[in-house]
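The values are calculated or read from the model by the stated rules, or taken from the named source; none is laboratory data. Here the structure is a predicted model, which is why all the values come from computation and not from measurement. Counting neighbours? That spans all protein chains shown, and the Cβs are built from the backbone with ideal geometry, glycine included. Quick note on the areas: whole protein, heavy atoms, side chains included, nothing else; ligands and nucleic acids left out. Shrake-Rupley method; radii C 1.70, N 1.55, O 1.52, S 1.80 Å.
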Amino acid sequence: MPVIPVGACMIAEEAERAGHAVRFLDLMFERSPLKAVERELDRQTPDVVGLSVRNIDNNDIQSPSFYVKELVPLMDAIRHKTRAVIVLGGAAVSVMPEELLRYTGASLAVTGDGEPVFNGLLERLSGDLSLRDLPGISWIEKDEFKTNASPCPSDNYHCRTPDFHHWIDVRNYRNRMTTVPLQTKLGCHFKCTYCTYRKIEGSKYRLSSPEEVANTIFRLTSMGFQHIEFVDNVFNSPYTHALSICKLLGEIKHGASLQSLEMNPLFIDDEIMTAMEKAGFSGMGVTVESASDDVLAGLGKGFNSEHVYRAAEVVSRHKIPCMWIFMMGGPNETEETVNETLRFAEKHIGPRDAAFFGLGIRIYPGTELESLSRQQGLLSLSPREMLEPVFYISPAVDHTWLRSRVKTAMSRQMNFINTDSIGHPILSSVNHIAYRLGLRPPLWRHTRVIRRALRLIGMDV
Ligand code: B12
Ligand code: SF4
């Protein structure tokens, strides 16, 4: 599913609001991004080029794809055709700013919330002022990485959405089953050992009021968007915040179909599920990762298998289709724990629901998982060398065995998928066809039917 470049649209909109002349180039559907960039630069000479970099790689241990490599020719073209200051921003940049700056040779990187920093940066550049003390930027000076901490975030987050029609060709996204992203809060206070999200949004919660969320949903529906996805790090934490949003949305006629793939089993109960049903949720995802206590402890999830089983019971009493998300091969994983998780999935995930099994965990510099990987002798690369994807698999489980064990479960359960399934090239055509047939997001609700249909034409996806 192509993801709408919401962050880039927000940055562009704020810069335009501040009085700058902004051109926006969406490379998502360009056959040749390089030619598109060259064409754009032939038309005009910008003073600043901002690049929004979302994904470093595809997080796929089996067929890794290193997307950042594709930036290099674009950077070369920009440098060749202009003298513009090149600024990197986006989620990938917050995760590995030093490594990305070194790899691409960009002038600056903006980490964390982009809008205030980028506007401050443009203001200083326009006034020929020094950037050295500007909060939220990083750069390389005489081979040394320099970084200024992000500006102190305010306590609240004001939920908002850019005017997408002004920046991107919305139809291209809509007819590929894309949902519109919306955040009800920023931050996450959990401490999962592998996670980078706190680096992006911080560990302190910044909440939007339920009224602001409702107004933003109205704005989106008035722009013609019906399928809205809450892209919070964890939607149902803090519990009372999510509950009040769902209750309010249940009381008003907004006309949107909602979903969130980031639900924590700790906070799933009948009350929130009922509120979500009334609010108009058409799908939800629970990031359980495992059903084994040892693995959950190794991942630092802050919940145990009892919570996982309890969440399954609650979900089965309600109507919202659920995607169960697992991460196989983490710390403390053994053959026994893999079997434990698969037994849970086979027994407790009903035919209406689906399960996704990711194999191996991408290791990022600065995480506990990085330290553990070094202690266990599994990682000797320097942080710089970790820009190209590296993965953790518990030394107590054989990778090939794990892969084939999950495949065996998938061959019996047609509602199970793995990393190979979501990376399969046929999926974009499936999205397209499904849309034409009148199906609407989330497409994973139809996993069983799609896998069966593909099997009939000889594709075991
Ligand atoms: C929700 C989400 C998803 C959803 C998206 C649903 C949807 N409808 O949009 C789904 C599940 C589909 C998804 C899929 C994937 N995701 Co994802 N996802 C996220 C998540 C949790 C939130 C993204 C979001 O919308 N944020 C809100 C917007 C407003 O923020 P933003 O885009 O980052 O923009 C801000 C700043 O970055 C900055 N900014 C952005 N652009 C620019 C440009 C300039 C010039 C400047 C100055 C600043 C700037 O300012 C913006 C506003 O403050 C992030 C984690 C996170 N907390 O960020 C991971 C994250 C972005 N995903 C990630 C990955 C890897 C993926 C997948 C590749 C996983 C996979 N194997 O399938 C796919 C790729 C999908 C695709 N086509 O791109 C990584 C990317 C970095 C990395 N590690 O490589 C992240 C960071 C998580 C992680 N593991 O670290 N994802
Ligand atoms: S709950 Fe999710 S976002 Fe929060 S630390 Fe854990 S993995 Fe990261």
Flagged in segment 121-147 as assigned to a helix (DSSP H, G or I) and either of a type in the set (Phe, Trp, Tyr) or closer than 20 Å to Val53 by Cα (or both), in numbering order, are Leu121, Leu122
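Restricting to segment 303-333, and then to whatever is among the hydrophobic types (A, V, I, L, M, F, W, C) and assigned to a loop (DSSP other than H, G, I, E, B), can you tell me which residue is nearest to Ile61 (Cα to Cα)?
In the first step, residues of segment 303-333 are kept if they are among the hydrophobic types (A, V, I, L, M, F, W, C); the result is 303, 308, 311-312, 314-315, 320, 322-328.
Within this subset, residues satisfying the condition of being assigned to a loop (DSSP other than H, G, I, E, B) are 303, 320.
Numbers: Phe303: 26, Ile320: 31 Å.
Across segment 303-333, the extreme among qualifying residues is Phe303.
Go through segment 329-339 and give me each residue that's under 22 Å from Val286 (Cα atoms) and either out of contact with any helix residue (DSSP H, G or I) (no Cβ under 8 Å at 6 or more places or on another chain) or open to solvent by less than 10 Å² (accessible area, probe 1.4 Å) (or both). Quick ask: steps written out before the conclusion?
Step one: filter segment 329-339 for residues under 22 Å from Val286 (Cα atoms), giving 329-333, 337-339.
Hits for segment 329-339 are Gly329, Gly330, Pro331, Glu333, Thr337, Val338.
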Subset of segment 172-201 [closer than 25 Å to Tyr392 by Cβ, assigned to a helix (DSSP H, G or I) and touching a residue at least 24 places away in the same chain (Cβ under 8 Å)]:
Tyr197, Lys199, Ile200, Glu201
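This table checks each residue for (1) over 26 Å from the mean Cα position of the chain (by Cα); (2) assigned to a helix (DSSP H, G or I); (3) more than 30 Å from His399 (Cβ to Cβ); (4) not aromatic (Phe, Trp, Tyr).
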| residue | (1), (2), (3), (4) |
| --- | --- |
| Ile4 | no, no, yes, yes |
| Ala15 | no, yes, yes, yes |
| Gly50 | no, no, yes, yes |
| Glu70 | no, yes, no, yes |
| Arg83 | yes, no, yes, yes |
| Leu88 | no, no, yes, yes |
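Within segment 406-428, take every residue that is over 22 Å from the mean Cα position of the chain (by Cα) and open to solvent by 50 Å² or more (accessible area, probe 1.4 Å) and give me the one that is nearest to Glu346 (Cα to Cα).
We begin by selecting, within segment 406-428, every residue over 22 Å from the mean Cα position of the chain (by Cα); these are 406-415.
From what is left, the residues that are open to solvent by 50 Å² or more (accessible area, probe 1.4 Å) are 407-408, 411-412.
Numbers: Lys407: 13, Thr408: 12, Ser411: 12, Arg412: 9 Å.
This residue is Arg412.
Among the listed residues Leu25, Leu100, Leu71, Leu51, identify the single one that is without any contact (Cβ under 8 Å) to a residue 60 or more places away in the chain and either closer than 30 Å to Phe326 by Cβ or within 11 Å of ligand 1 (Cβ to nearest atom) (or both). I'd like the intermediate steps shown before the answer.
Working: Leu25 fails: either closer than 30 Å to Phe326 by Cβ or within 11 Å of ligand 1 (Cβ to nearest atom) (or both); Leu100 fails: without any contact (Cβ under 8 Å) to a residue 60 or more places away in the chain; Leu71 fails: either closer than 30 Å to Phe326 by Cβ or within 11 Å of ligand 1 (Cβ to nearest atom) (or both).
Residue meeting the stated conditions: Leu51.
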Among (1) in contact with a strand residue (DSSP E or B) (Cβ under 9 Å, 6 or more places away or on another chain); (2) in a loop (DSSP other than H, G, I, E, B), Leu41 falls short only on (2)
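Return the residues of segment 225-253 that are open to solvent by 30 Å² or more (accessible area, probe 1.4 Å) and either more than 16 Å from ligand 1 (Cβ to nearest atom) or within 30 Å of Met96 (Cα to Cα) (or both); say none if nothing qualifies.
Val231, Pro238, Tyr239, Thr240, Ser244, Lys247, Leu248, Gly250, Glu251, Ile252, Lys253, listed by residue number.
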Out of all the residues in segment 133-142, is one or more without any contact (Cβ under 8 Å) to a residue 12 or more places away in the chain, open to solvent by 10 Å² or more (accessible area, probe 1.4 Å), within 24 Å of Leu88 (Cα to Cα) and more than 14 Å from ligand 1 (Cβ to nearest atom)?
yes
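Search segment 202-213 for residues being assigned to a loop (DSSP other than H, G, I, E, B) and within 16 Å of ligand 2 (Cβ to nearest atom), and hand back the single one that is surrounded by the most Cβ atoms within 10 Å (Cβ to Cβ). So that I can check it myself, show each step before the final result.
Keep residues of segment 202-213 that are assigned to a loop (DSSP other than H, G, I, E, B), which gives 202-205, 208-209.
Applying the additional criterion that residues be within 16 Å of ligand 2 (Cβ to nearest atom) yields 202-205.
Details: Gly202: 17, Ser203: 12, Lys204: 12, Tyr205: 20.
The selected residue is Tyr205.
With the structure loaded, tell me whether Ala453 is open to solvent by 20 Å² or more (accessible area, probe 1.4 Å) and either under 21 Å from the mean Cα position of the chain (by Cα) or of a type in the set (Gly, Ala, Ser) (or both) or whether it fails that test. Give the steps one after another, and end with the answer.
Details: open to solvent by 20 Å² or more (accessible area, probe 1.4 Å): yes; either under 21 Å from the mean Cα position of the chain (by Cα) or of a type in the set (Gly, Ala, Ser) (or both): yes.
The answer is yes for Ala453.
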